[in-house]
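Notes follow the structure.
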Amino acid sequence: MTREEVIITFAKYEIKRAIARKKVLALVAFTILLGTVPYYALSAAGTTLIPNTAYPYIWVVGIFAVGPLFLNFTAILIAAGAMSEEYEQGTAELLLSKPVRRTDYFIGKFLGGYTLFISILALNIFLSVASAYTFFGTQSNLNIIPGLFAAQAFASLVFFSLAFMLGELIRRSSLAYIFSSAVFFSSYIISTFMGLIYTLTGKEIYKTIQIYLPTSPANALPIQYATTQLPTSLTTVLRFINTATTGPTINLSIEILLTYSVLAIAVAAVYFLRQDISRKLS
Amino acid sequence: MLGLIRPTSGQVKINGLDPITHHVEALRNVAYSPELPNIQTFLTPKELLNLISHELNFTDNQTRDNEIKKALETVGLHEYADTKVGKLSKGMVQRLSVAQALLGKPETLILDEPMIGLDPAGTAHLREVFRDFAKKGNGTVFLSSHIMNEVESLCNSVAIIHKGKILFRGPAKEVEQKILNYSLIQLETSPLNAETMQQLQQIPGIADINTANNANTADTVTVEIAVNQPYTDLRPQIADLIIKSGFKLYTIKPAENMLERAYIEALKVGDTK
C-alpha cells in the first residue's frame, strides 16, 4: 500500500469515528433544518415581503444567512475532537503502535475531518438551492455555486485548523471546544466593535485590527466572491449581511486565511510529532 | 519500546533501530497487544482488523481476508467478527487485542497483561496461542505481567523491573535463586509433633520450617521447608522421616510460587538501593 492509501484509510476511519460520536448527526439534522425552515418561513410570510425580482436569488439566503455562524461552529465541533477524543479514549495508542508514520495519521485525521465538514457544507448548499426552488421557483446564477462552495470551504478552514490545533495541544475535547469557540466568538465580537469604532472615529487602526482578525476574512471571502458574480442589487444585501466585506480584498482575505490555517496546522503537526502518545487520559 | 513515549534516559533498539527515529522500520515485524485495550466501540472485530491490516500494508485483499479470519479464529472470536466492540465482554476485547497483534505474522509480540479479564479457559487458550507463536512461529514474546504464575509458566527468561530499572534478569529459576538464597519444599501432612519438627530441622541443608493449618480440614497441615542454596533435593529424606515417624504424608513437592516470592524480595532490594 502506498502512503496515500494509508492516509485515506485514516481519513475514512476519522469520518466513521466522528459520525459514530453522534454530534455529526446532530449537525446534519441542524443543517437540514437551516436549509429548509427559513425558506418555508419566507414562503409562508407571503409575497408582499419579498419582491418577485428577488425570487430567483433567494437561494443565497440559506447560504449566507447561516454561513458565518453555523459553518464555522460546525468546523470547530468536528475539528476540536478529531485528535483530542482519541487521547481521551486511549484509542490513539493502538493505532500508532503499528508501523505507520505519525504524519500519515495526522494528515488522515485532518483530511477525514475536513471531508466530513465540506460534506455538511455541500448539504447546506444543496438544501438551500432545493428549498429555494421548491418554494420560490426557478433559481438564477447557480453556476457560481462550485466557486462559492470552494470559497466557503476555504474560509472555514481557518477555524477548522485552529480547533484542530487546540484539540492536539490541549488533548481534552471539551476544553478544545470551549477554547476554539471562545476564539471564534471573541474574534467575532471584537471585529464587530472594531468596525463600529472605526465608523465612529474613522481611525484606520481599528479597521486594520478588524481586517486581520480571523472571523473577518472567514466571513468575508464567500461574500466577496459572490459579489463579483451576482446582480448589484443583491450584492448590496450581501454586504449588509457582513460589514467586513468592505474591508479586505479577496486576495488579502485569502492571504490572512492561509496564514492562520498554515500556522495552526504547523503548530499542531510539530506538537504531535514531538509529544508522547500516552495511554487513556483520565 | 514502541516509540510512543520518549525515554527519560536510556535507549531501546529493535533490530538495531530506534523506534522513535525509525518508527516504521523498527516496528515492521513487531506487534503490540495493550492491556485492556481502548478500541473504538463502533467498530466490529473484523473492521478493526481490517483497519490494522491497512496500517500493516496488506496489498492483496484475499490475503487480508484470510489473515483476519485466521487471527479471529486463533483467539476464538470468529463468531463475533461482526459484533460491535461495545457489545463484547472485557475478555473478548482482550482476545481481540491479541488478534490484532497476530496480524501480519510479526516476529515479536509485546503483550501487556494479556490475560486480564479472561476466564480460566480463555487464559489457558491464549497461553497455548503464545506458546505456539514462540515455538512453531519461532517468534519472540515480551510479556509484561504482575501475575507471576503466568510468567513462570510461559517465560524462559524474565526481568524484574522496578522504578524503571531492571533489578534482575535471566532464566526464571536463576533469577529465583539469585534473589532468594533458598528453595522451598511444600508438604501436606497430618499434624506433626515437636519431636518430628526438630528432627526435620536437623537434616543438613534445611534452613527453616513453617507450618500452617489447612483451612479445608483440621486433619492436615501445610508445611513449608526452606532449603539452603545450593539446592539439593531433600524430598526423599523428608518423606522418609515423616512416614517413619508415623505421620501421613499426602503431598510433597517444590513450591510453585517461587517467582512471586522472588519478585516481592526483589522489590525490597530495589527500594533499599
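The values are calculated or read from the model by the stated rules, or taken from the named source; none is laboratory data. Quick caveat, the model's predicted, so the values are computed rather than measured. Methodologically, a virtual Cβ is constructed for each residue, glycine included, from the backbone with ideal geometry; neighbour enumeration extends over all protein chains shown.
Details
This table checks each residue for (1) touching a residue at least 60 places away in the same chain (Cβ under 8 Å); (2) assigned by TED's automatic domain parsing to the domain that holds B:L51.
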{"position": "B:E79", "(1), (2)": "no, yes"}
{"position": "B:K84", "(1), (2)": "no, yes"}
{"position": "B:K87", "(1), (2)": "no, yes"}
{"position": "B:V98", "(1), (2)": "yes, yes"}
{"position": "B:D119", "(1), (2)": "no, yes"}
{"position": "B:R131", "(1), (2)": "no, yes"}
{"position": "B:I166", "(1), (2)": "no, no"}
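- Among the residues listed as A:A18, A:A79, the single one being buried (at least 20 other Cβ atoms within 10 Å of the Cβ), within 13 Å of another protein chain (Cβ to nearest Cβ) and part of a helix (DSSP H, G or I): A:A18
- Taken together, A:T31, A:T53 contain a single residue that is among the polar types (S, T, N, Q), farther than 22 Å from A:F154 by Cα and in a helix (DSSP H, G or I), which is A:T53.
- Residue pairs whose Cβ atoms lie under 9 Å apart, separated by 6 or more positions or on different chains, with the first residue in the stretch B:1-27 and more than 11 Å from chain A (Cβ to nearest Cβ) and the second part of a loop (DSSP other than H, G, I, E, B) and among the small types (G, A, S), are B:S9/B:G164; B:G10/B:G164; B:V12/B:G3; B:D18/B:G3; B:T21/B:G3.
- Options B:N181, B:N138, B:N193; residue that is exposed (fewer than 14 other Cβ atoms within 10 Å of the Cβ) and modelled with pLDDT of 90 or more: B:N193
- Qualifying residue in the stretch A:59-68 (condition: under 28 Å from A:P222 (Cβ atoms) and surrounded by fewer than 17 Cβ atoms within 10 Å (Cβ to Cβ)): yes
- Leading residue by the ranking (nearest to A:I8 (Cα to Cα)) among those in the stretch A:78-95 that are touching a helix residue (DSSP H, G or I) at 6+ places or on another chain (Cβ under 8 Å) and of a type in the set (G, A, S): A:A82
- Residue satisfying condition, being at pLDDT 90 or above, of a type outside the set (V, I, T) and surrounded by 18 or more Cβ atoms within 10 Å (Cβ to Cβ), within set B:S97, B:S89: B:S97
- Selection of the stretch B:186-220 for residues being of a type outside the set (S, T, N, Q) and closer than 30 Å to B:I166 by Cβ yields B:A207, B:D208.
- In a residue-by-residue description of the stretch A:83-105, the property of being within 22 Å of A:I254 (Cα to Cα), part of a helix (DSSP H, G or I) and of a type in the set (G, A, S) applies to no position.
- Of the candidates A:S140, A:S161, A:S191, A:S156, the single residue that is touching a residue at least 24 places away in the same chain (Cβ under 8 Å) and not in a helix (DSSP H, G or I) is A:S140.
- Where A:L123 falls short, out of the listed (1) surrounded by 17 or more Cβ atoms within 10 Å (Cβ to Cβ); (2) among the hydrophobic types (A, V, I, L, M, F, W, C); (3) within 19 Å of the chain's Cα centre (by Cα): (1)
- Screening A:K98 against (1) of a type outside the set (A, V, I, L, M, F, W, C); (2) under 16 Å from A:I15 (Cβ atoms); (3) within 14 Å of chain B (Cβ to nearest Cβ) leaves a single unmet condition, (2).
- Taking the criterion of being crowded, with 19+ Cβ neighbours inside 10 Å and within 7 Å of chain A (Cβ to nearest Cβ), the residues of the stretch B:39-57 that qualify are B:I39, B:Q40, B:L51, B:I52, B:H54, B:E55, B:L56.
- Answer from A:A220, A:A244, A:A268 - the residue that is among the small types (G, A, S), at pLDDT 90 or above and under 21 Å from A:F73 (Cβ atoms): A:A268
- Here A:Y87 fulfils each of the conditions (1) in contact with a Leu (Cβ under 6 Å, 6 or more places away or on another chain); (2) aromatic (F, W, Y); (3) surrounded by fewer than 18 Cβ atoms within 10 Å (Cβ to Cβ) apart from (3).
- Filter result for the condition that a residue is surrounded by 22 or more Cβ atoms within 10 Å (Cβ to Cβ) and of a type in the set (V, I, T), over A:T215, A:T199: A:T215
- Test result for A:Y133, among the hydroxyl-bearing types (S, T, Y) and under 17 Å from the mean Cα position of the chain (by Cα): no
- Taking every residue in the stretch A:270-282 that is more than 9 Å from chain B (Cβ to nearest Cβ) and pairing it with any residue that is in a loop (DSSP other than H, G, I, E, B) and at pLDDT below 90, at least 6 positions away or on another chain, the pairs with Cβ-Cβ distances below 8 Å are A:L281/A:G90.
- The stretch A:82-95 - residue that is more than 7 Å from chain B (Cβ to nearest Cβ) and of a type in the set (D, E) and, of those, nearest to the chain's Cα centre (by Cα): A:E85
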